[in-house]
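S.K.: Please find one structure pasted underneath; my questions will follow.
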Amino acid sequence: MSQLLIELRAGEGGRDAMLFCEELRRVVIAFARHRGDTTEELSDQVDSRTRTIVVEGDWEDYEVLAGVHRVQRIPKTDKNGRRHTSTATIAVLQQRHQSPIRLRDEDLDVYTYVGTGKGGQHRNKTASAVRIVHRPTGLVVAVEHGRSQWQNLKAAKETLLRRLSDRADRQESHEVAAVRNSQIASGERPLKQFTHNEQRATVTAHEYGVIWRWSDFYRGRLDRRDAA
């Protein structure tokens, strides 16, 4: 069991897509409750089209929901009774807990030199400036604004730690984006991964060859599935 991030995002379909996304959110919550998994919903003050749920559960149980979900229906919001196609996406991501970054002395090349520029006579005549090279990544940090070598060394290490942390965050973001894209591609594309057929009262996962009865799916009873 691990901590999962389940991202639901409204795709094509305007207001009905947002309603569809909300319906899928309730499916995920209901499924987690049936399994006895704990959930926590994260609010997004910026993107009203996205919902994120943190679930303590098994990846294999939830990954069957990942992909582009497509429904054709007459939205309650359409007064003219026209049939619309709406989409929403679900991405199932494993929450990663980044280990604290530590600087090892054996990974650092430390050089001292006489600072340049403004700073007073002491700074320009003593080797108080510090340059650190981080061997594993090649990152270089130079600090010379302090009056002592110790101050500059401390500041250089703090700057290096910050840059290494930013680098790790960017790498993790790229990896998460790659997983997300592999699951859902783009919600704007008419991919046929999941079809919600209200008339037939079925939900079909084409990639897995699975069919749920409409009532079972929307009650979160995903264990009740038939072969397509």
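S.K.: Heavy atoms only, probe 1.4 Å: what % of the accessible area of the chain goes to carbon and sulfur, would you let me know?
M.R.: 47 percent
S.K.: When the convex hull of the Cα atoms of the range 49-94 is projected onto a plane and the area is averaged over all directions, what value comes out in nm²?
M.R.: Spelled out: convex hull of the Cα atoms, projected over all directions, averaged, 4.1 nm².
S.K.: So, R0 is 30 Å and r is the distance between the beta-carbons of SER2 and ASP166; what FRET efficiency does that work out to, to 0.05?
M.R.: 0.75
S.K.: Could you tell me what a quarter of the Cα convex hull surface of the chain works out to, in nm² with one decimal place?
M.R.: Taking the Cα atoms of the chain, their convex hull projects to 17.8 nm² on average.
S.K.: When the gyration tensor of the range 1-115 is built from Cα positions, what are the square roots of 5 times its three eigenvalues, in whole Å, from largest to smallest?
M.R.: 42, 20, 11
S.K.: A follow-up question, please. For the chain, what is the calculated [θ] at 222 nm in deg cm²/dmol (nearest 500), taking -39500 (n - 2.57) for each run of four or more DSSP H residues and dividing by its residue count?
M.R.: Helix contribution divided over all residues of the chain: -10000 deg cm²/dmol.
S.K.: Same structure again: Helix 149-184: angle to the longest alpha-carbon principal axis of the chain, degrees 0 to 90, nearest 10?
M.R.: 20 degrees
S.K.: Could you give the size of the charge dipole of the chain about its Cα centre, using +1 on the Cβ of each K and R and -1 on the Cβ of each D and E, expressed in debye and rounded to the nearest 20?
M.R.: Computed charge dipole of the chain: roughly 700 debye.
S.K.: Still on this structure: Would you mind giving the average projected area, over all directions, of the Cα convex hull of the range 1-40 in nm² with one decimal?
M.R.: Spelled out: convex hull of the Cα atoms, projected over all directions, averaged, 3.0 nm².
S.K.: For a quick check of understanding: with a 1.4 angstrom probe and all protein chains in place, what accessible area in square angstrom does ILE211 have, to the nearest ten?
M.R.: 50 Å²
S.K.: Can you give the convex hull volume per residue for the Cα atoms of the range 1-67, as a whole number of Å³?
M.R.: Per-residue hull volume (Cα only) is 77 Å³.
S.K.: Okay, moving on. For the chain, report the accessible area per residue in Å² (1.4 Å probe, heavy atoms, rounded to an integer).
M.R.: It amounts to 59 Å² per residue over the chain.
S.K.: Any chance you could look up the accessible area of ASP61 with a 1.4 Å probe, heavy atoms only, rounded to 10 Å²?
M.R.: So the heavy atoms of ASP61 present about 40 Å² to solvent.
S.K.: Accessible area, 1.4 Å probe, largest first: how do LYS79, LYS154 sort?
M.R.: Solvent-accessible surface, decreasing: LYS79, LYS154.
S.K.: Right, here's the next one. Given Cα pairs under 8 Å that are at least 6 residues apart, what percent is the relative contact order of the chain?
M.R.: Rounded, it is 21 percent for the chain.
The values are calculated or read from the model by the stated rules, or taken from the named source; none is laboratory data. The structure displayed is predicted, hence computed values, not measured ones. Please note: Cβ atoms are built from the backbone with ideal geometry, for glycine as well, and neighbour counts cover all protein chains shown. Quick note on the areas: whole protein, heavy atoms, side chains included, nothing else; ligands and nucleic acids left out. Shrake-Rupley method; radii C 1.70, N 1.55, O 1.52, S 1.80 Å.
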